[in-house]
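Notes follow once the structure below has been shown.
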Amino acid sequence: MSEKTKKILKFTYYGVFVATELAIYLTFICLEASGNYETIIIKYAGILLCFAAAALGSVFNGKDGLVLTCALLFTAVSDLFILVLNKYYEIGVTTFIIVQTVHFCRMYLINGKKPYISLGIRLGLAAVIILILGITGKLTALTGIVAVYLPMLVSNVIESVFLCKKSRRYILYALGLFLFLCCDICVGLDNFSMLGITLPVGLKNFVGSAIWIFYLPSQVLVVLSANKTDYKPFFAKEKISTENEG
């Protein structure tokens, strides 16, 4: 199969994917705006489609597609607990930590840099947040897990921006992770009542609606960021890295 044919097939494949996700997106937005319709299954279908699209897209994207498939698999597991079952939030957020860990590994496999300083900063921030939660009496199993998750996500958003100079496709990745962060900010605001903070009714209604306005597009953009590229294992010995570069 020629390279031109592969490009056409890839463009068509992702075009159908985006069109289908757009239909799902508009469907649940219209249903929620028109009345008290249950849209959980429609939303979850959008997430499962992202996972399926990433998995099948691995044919075009190789290892990078497989890594993204792993991230989206754990995303689907997280949403199963948080969205569909609406319980076991500790498990759901823990699997989201795995999601962000996979994204973290993906970025460092792409750029080949050592991740240890970044990892140390992330863990340090998590420790500080946990300490503050403990001092203020707000530390629970769930808030402790969130304290680990939040620095991972924020750091991934920041570091993804630096990948954009390697390929324009990673602009989609950076934007996807940024929308992911916007979604989680809305989730946090929506759950401020757990910390004894009450939001104005108008603001609470807005953030409740904005969660999925940000979330599904974020996952679609992550899928579209898949790029057939040679990974540079950050865990490889320097000698091996030099040989590969030559």
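The values are calculated or read from the model by the stated rules, or taken from the named source; none is laboratory data. None of these values were measured; they are calculated from a predicted model. Here Cβ is always computed from backbone atoms with ideal geometry, including for glycine, and neighbour counts include all displayed protein chains.
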task: Report whether or not K87 is basic (K, R), more than 23 Å from G208 (Cα to Cα) and either surrounded by fewer than 16 Cβ atoms within 10 Å (Cβ to Cβ) or modelled with pLDDT of 95 or more (or both).
output: no
- request: Could you figure out which of (1) within 20 Å of L221 (Cβ to Cβ); (2) in contact with a Leu (Cβ under 6 Å, 6 or more places away or on another chain) isn't true of V67?
  value: (2)
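Okay, residues lined up against (1) in contact with a helix residue (DSSP H, G or I) (Cβ under 6 Å, 6 or more places away or on another chain); (2) under 30 Å from T140 (Cβ atoms); (3) modelled with pLDDT under 95:
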residue: F17; (1), (2), (3): yes, no, no
residue: L22; (1), (2), (3): no, no, no
residue: N36; (1), (2), (3): no, no, yes
residue: A54; (1), (2), (3): yes, no, no
residue: V59; (1), (2), (3): no, no, yes
residue: L68; (1), (2), (3): yes, no, no
residue: T75; (1), (2), (3): yes, yes, no
residue: D79; (1), (2), (3): yes, yes, no
residue: G92; (1), (2), (3): yes, yes, no
- prompt: So N227 clears everything in (1) at pLDDT below 95; (2) touching a helix residue (DSSP H, G or I) at 6+ places or on another chain (Cβ under 8 Å); (3) closer than 19 Å to S118 by Cα except one condition, right? Which one?
  reply: (3)
- request: Examine region 58-70 for a residue that is exposed (fewer than 14 other Cβ atoms within 10 Å of the Cβ), over 25 Å from T229 (Cα atoms) and out of contact with any Asp or Glu (no Cβ under 9 Å at 6 or more places or on another chain), and state whether such a residue exists.
  value: no
task: For region 9-17, indicate whether the set of residues that are part of a helix (DSSP H, G or I), crowded, with 18+ Cβ neighbours inside 10 Å and not aromatic (F, W, Y) is non-empty.
output: no
query: Restricting the first residue to region 45-62 and requiring it to be in contact (Cβ under 8 Å) with a residue 24 or more places away in the chain, which pairs with a second residue that is of a type in the set (K, R) and surrounded by fewer than 15 Cβ atoms within 10 Å (Cβ to Cβ) meet a Cβ separation below 6 Å and a spacing of at least six or different chains?
result: N61/K228; G62/K228
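Have a look at I129, I110, I117 and point out the one that is loosely packed, with under 13 Cβ neighbours inside 10 Å and closer than 28 Å to L72 by Cβ.
On inspection, the qualifying residue turns out to be I117.
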- prompt: How many residues are under 14 Å from F104 (Cα atoms) and either at pLDDT below 90 or within 11 Å of the chain's Cα centre (by Cα) (or both) when one looks only at region 155-175?
  reply: 4
statement: Those residues of region 202-236 which are of a type in the set (A, V, I, L, M, F, W, C) and free of Cβ contacts under 8 Å to residues at least 24 places away in the same chain amount to L203, F206, V207, F235, A236
query: Which one of the conditions (1) over 15 Å from the mean Cα position of the chain (by Cα); (2) closer than 13 Å to W212 by Cα; (3) in contact (Cβ under 8 Å) with a residue 40 or more places away in the chain does K10 fail to meet, given that it meets all the rest?
result: (2)
Only listed residue being within 15 Å of S218 (Cα to Cα), in contact with a Phe, Trp or Tyr (Cβ under 9 Å, 6 or more places away or on another chain) and surrounded by 15 or more Cβ atoms within 10 Å (Cβ to Cβ), chosen from A76, A54: A76
- request: Consider T101 carefully, then state whether it is within 24 Å of V220 (Cβ to Cβ), at pLDDT 95 or above and buried (at least 20 other Cβ atoms within 10 Å of the Cβ).
  value: no
